[in-house]
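First the structure, in the form of structure tokens, and then the observations on it.
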Amino acid sequence: MKTGLFYALPLVSAAIIISLLLRPGMTGMVIGSGAVPGAVPGIRLMTAEDSVLPIGSVMEIAVGNRTYSLKVADFINRSGGPYEVMDGMVRSTGYYGPVFTGKHAYILPLSEVAPGLEEAGERHLPVRVRVIYNGSVLAENETDALIVLAGSRP
């Protein structure tokens, strides 16, 4: 005779997988310039075909103790990459309206996203990227990145 756990485990697994697929898909990633010679530190935003990101979302980029803000639409437009817009829903916020979707990656140099990091030197700084819509954090990524600031020699 099979127990309730035998039947419940596949149902719980399926529910978790479905909830992951329905969440907005964005990742923020910092590329450390010290890792690859000649690389420029940058912030990357990625969208996925099976997820959506409201057009009115804002990216909050914290580098060390400084925080910068940029509209997702501005980030995408400034990156120059292709984008897809359609009507969609973000269940976690109840939002329905124009959204970014599709499998795309956008990147901007850190200097365009976080102006004012003029101090010379090479150091590891905590970098946190959050995408926020109407007070709700849709996605967040934090890393410790090697950043070569203006005036330094790698």
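Here are some notes:
- Any hit, region 101-111, residues being part of a strand (DSSP E or B), at pLDDT 90 or above, closer than 14 Å to I55 by Cα and in contact with a strand residue (DSSP E or B) (Cβ under 6 Å, 6 or more places away or on another chain): yes
- Restricting region 64-96 to residues that are farther than 12 Å from S136 by Cα and touching a helix residue (DSSP H, G or I) at 6+ places or on another chain (Cβ under 7 Å), the residue that is surrounded by the most Cβ atoms within 10 Å (Cβ to Cβ): L70
- Residue count for region 90-107 satisfying the condition of being without any contact (Cβ under 8 Å) to a residue 12 or more places away in the chain and either of a type in the set (D, E) or within 19 Å of G42 (Cβ to Cβ) (or both): 0.
- Annotation for region 65-76: no member residue is on the phi > 0 side of the Ramachandran plot, of a type outside the set (K, R) and at pLDDT 50 or above.
The values are calculated or read from the model by the stated rules, or taken from the named source; none is laboratory data. Model, not experiment: these values are computed from the prediction. Don't worry about glycine lacking a Cβ; one is built from the backbone with ideal geometry, like all the others, and counts go over all protein chains shown.
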